[in-house]
Amino acid sequence: MNRNSRNILKFLFAFLFSFFMLNFSINAESKTAEKNANENSNAENSESNADLKNQDENLDSNHSGENSDLKNSNEDSDSDSDNSKISFTFDEGIALARITRIQEQTNVSNFVWKDSLIGMYFTANIKNLMPFDIFARTEVFYPFLHTFNGMKVFAKQTILYAFDFLAGVPFRFDFFKYASLTLKPALHVMYQLSDEYHLFYFGAGGIAGVEIPIAKRWTIILDGSFTLDYPNWGGNRLMLPFDWGWQWQNSLGVRYSKKSPNRFHLLP
């Protein structure tokens with residue numbers, strides 16, 4: 001791997017580290033402020049209940065209305081505390097990937113290998129985890145198209161496959177009522193069985209997508225990802241080392257969740 005690609009990978013790792021640390025400090029401050037607000041709210045509710053207890057018995061009708069309001073406020077506080085508990089959500093769907101590997105040449109055009117793959121993915125999301133939420137995404141692929149410098153290459157083996165793994169921190173932006181934007185910087189590891197070698201990739205990148213709440217518990221997810229990888233961890237590192245390697249994906253999935261229902265949704 002040449003110096004430029006190594007420097008880019010170092011920059012990506014440094015950016016991800018600083019991004020995580022910034023998010024750590026922001027989330028820690030927000031959690032502390034939220035905790036203090038909940039404590040103040042509970043103290044005010046207890047004082048209001050004590051004052052209502054000491055009122056004249058002739059104002060029972062008014063007291064009942066105020067007590068009902070306080071009860072609803074306490075229920076909302078309880079629901080907020082339930083939403084602050086650690087919870088798990090799971091996504092699954094189909095994915096299309098394109099892998100590119102490049103070997104630079106001096107006197108001729110660069111050698112470029114491209115593989116197109118189709119498969120399925122499964123994502124586990126951990127919410128309300130201090131200091132930030134995390135996700136882990138696992139995928140399994142079957143390669144259906146291979147090219148070398150733009151020319152189609154036919155695989156010699158029938159059983160070819162790849163396993164992909166991404167893990168990182170998700171960020172959700174609720175700019176719209178019925179759609180949310182997501183950004184997920186992540187680390188990337190992949191294993192691919194090719195005709196000649198066992199290929200291993202390690203790098204960094206991210207996922208960007210849109211989540212559309214269809215119903216109270218159902219969400220449609222459309223996203224895409226890009227990763228820049230070091231492609232020489234496998235059996236090719238001595239015989240056929242690559243100078244560059246990257247991957248992009250498009251996926252369509254669905255999420256069903258009981259513990260984290262959608263507040264707004266398209267269908268009743």
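Before moving on, here are some points about what is shown:
- Shape of region 128-185, Cα gyration tensor, a/c cut at 1.5: prolate
- Between the beta carbons of residue 264 and residue 107, assuming R0 = 51 Å, the FRET efficiency works out to 0.25 to the nearest 0.05.
- Distance between the 7 Å Cα→Cβ label points at residue 142 and residue 237: 3.1 nm.
- Members of 177/259; 114/216; 85/177; 156/184; 177/258 lying beyond 29 Å, as alpha-carbon distances in this model show: 114/216; 156/184
- Modelled FRET efficiency - R0 35 Å, residue 178 with residue 152, Cβ distances, 0.05 increments: 0.25
- Per-residue ³J(HN,Hα) for region 142-151, Karplus 6.51 cos²θ - 1.76 cosθ + 1.60, θ = phi - 60°, Hz, x for Gly and Pro: 10, x, 10, 8, 10, 9, 10, 6, x, 9
- Accessible surface of residue 153 - all protein chains present, 1.4 Å probe, nearest 10 Å²: 70 Å²
The values are calculated or read from the model by the stated rules, or taken from the named source; none is laboratory data. All values derive from a computational prediction rather than experimental measurement. Methodologically, a virtual Cβ is constructed for each residue, glycine included, from the backbone with ideal geometry; neighbour enumeration extends over all protein chains shown. Side chains included, ligands, DNA and RNA excluded: accessible areas come from the protein's heavy atoms. Shrake-Rupley method; radii C 1.70, N 1.55, O 1.52, S 1.80 Å.
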